[in-house]
Amino acid sequence: MPHRTSALSRRAVTKAAAATGLAALFGAHTTTTAHATTTSHATATARATATGRAAATARAAVRLGPRTVDISVSSPALGRRAPLRLILPTGFDSRPERTYPVLYLLHGAHDDYTSWTRETDIEAFTEGRDLIVAMPDAGPTGIPSAWRGGPDYETFQVREVPALLARDYRASGVRAVAGVSTGGYGAMAHAARHPGAFAAAASYSGILDTTAPGVPPLVDAIVARENLLPPSLWGNPILNAPTWRDFNPRARAAGLRGTPLYVSSGSGVVGGAGDWLPEALESTLWPSAHGFTGALTLLGIAVTTHFYAGGGHSWTYWRREFTASWPMLAGALGAR
């Protein structure tokens, strides 16, 4: 598959990001105080363990428009109800015999399941296309993983939501996943950790090598900003290194063999326009993205890349990248 890269030095970008400083990215928002929900998250894990593979259930759906639906999902993996937004195919109600592939769109850090409908024209874009769009919750950090001290967003997104959609919304077994920022992490981590579960995966400015230099402090800062203890995610990056590796898309890259992939990321500060905060964050993730795609190349796994000069960690770029990746996603889904 084609590769599109810029000629910028990764070393130069890394130095630029380091000079900016991770602390400046989060500033006063960063804290290491334990949130009151940490205890309830631990309780949620116990509940999920006790219920085993209990199915997620949904309350009555709330129609937001002709095709857009919000569902409150009772999730054993999370131990609570969690929101899920769907965009149904045109004519869904009039064709009860049809089943549909599902495109999962994952949100980023400090955002929520409404982000794709709020920041993009995904509703209009999918008008007339034969697919379901699913936008599941990933919690306040937007990191859709199995937390060491709490909820299991991976199981919620990879197992519970697909089972619910197959049962209640005529979803077929064909799925693709795409995400921004921490959702980009989720897209590649889900596909790598569950080989064959997704027909394609796309990441836009995702965290694709969680152990790359500068990335563990960034992940910890994302968690801490939500008043949660950083070790409640995967533990300490050094003392719990095997757990960090297990949830690292780069370390699990072999699981992506045979899956069409799209990865995009900007250089940020180097070649940027001076919007320092989103550009600095993008710079920090640039080496991570290159490390991930380099690992794929060494494994002989094809990936379409778009590494571009400048750019920021924002929807201005992610909207464009989603459009660029759409032919790959649509082909995998069989969606016209």
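The values are calculated or read from the model by the stated rules, or taken from the named source; none is laboratory data. Values in this document were obtained by computation on a predicted structure and should not be read as measured data. Here the Cβ is made from the backbone with ideal geometry for all residues, glycine too, and neighbour counts use every protein chain on show. For accessibility, only protein heavy atoms count, side chains too; no ligands or nucleic acids. Shrake-Rupley method; radii C 1.70, N 1.55, O 1.52, S 1.80 Å.
Ligands, DNA and RNA left out, the accessible area of the range 274-336 computed with a 1.4 Å probe is 63% carbon and sulfur.
Computed over protein heavy atoms with a 1.4 Å probe, the carbon and sulfur contribution to the accessible area of the range 63-144 reaches 51%.
Taking θ as phi - 60° and the Karplus parameters 6.51, -1.76 and 1.60, the scalar couplings of the range 205-219 work out to 6, x, 8, 9, 9, 6, 10, 5, x, x, 7, x, x, 5, 4 Hz in sequence order, x denoting glycine and proline. Can you tell me the FRET efficiency between HIS110 and ASN240 if r is taken as the Cβ-Cβ distance and R0 is 35 Å, rounded to the nearest 0.05? Taking R0 as 35 Å, the efficiency between HIS110 and ASN240 is 0.90.
Per-residue SASA remark: SER203, around 0 Å² accessible (1.4 Å probe; ligands, DNA and RNA not included). Available extension along the chain between ALA54 and THR90 is 9.8 nm, counting 0.36 nm per residue and deducting the alpha carbon span.
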